[in-house]
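The values are calculated or read from the model by the stated rules, or taken from the named source; none is laboratory data. Model, not experiment: these values are computed from the prediction. Note: ideal-geometry Cβ built from the backbone for every residue, glycine included; neighbour counts use all protein chains shown.
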Amino acid sequence: MDFAFGAVVLVAALAVIFVALAFIKLVVRLILLPLLLIKLIAGAILTLIVGPVVFIVAAIIAIVLAAVVLVPLLPFLFVAGLAWLLVRSNRRPAVA
């Protein structure tokens, strides 16, 4: 029975501690709210400045990677084009 009472007291003490810490956290956040707003504004400005640069760099990287993948396939495209020309030249022309 003593252990159960001790557990209840422990849970109650933890609840009081958590409520007190939540109150302290709320007060600290209210005090630091102007700094949080400054951080938000600075982050937004930085995002507006850096965002387009990152987009341009990502587009350049995508174009380079596409070229790296497609350039080795050019001989196959050339052979396919020749085959297409060969097949097209052997067909009868459409009725005029």
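If you go through the stretch 1-43 and keep only what is under 37 Å from the mean Cα position of the chain (by Cα) and among the aromatic types (Phe, Trp, Tyr), you end up with 18, 23.
Listed by first and then second residue, the pairs linking a residue in the stretch 5-21 that is part of a helix (DSSP H, G or I) to a residue that is surrounded by 10 or more Cβ atoms within 10 Å (Cβ to Cβ) and not hydrophobic (A, V, I, L, M, F, W, C), with Cβ atoms under 8 Å apart and 6 or more places separating them unless they lie on different chains, form an empty list.
From the list 21, 10, which one is modelled with pLDDT of 95 or more, surrounded by 10 or more Cβ atoms within 10 Å (Cβ to Cβ) and out of contact with any Cys (no Cβ under 6 Å at 6 or more places or on another chain)?
21
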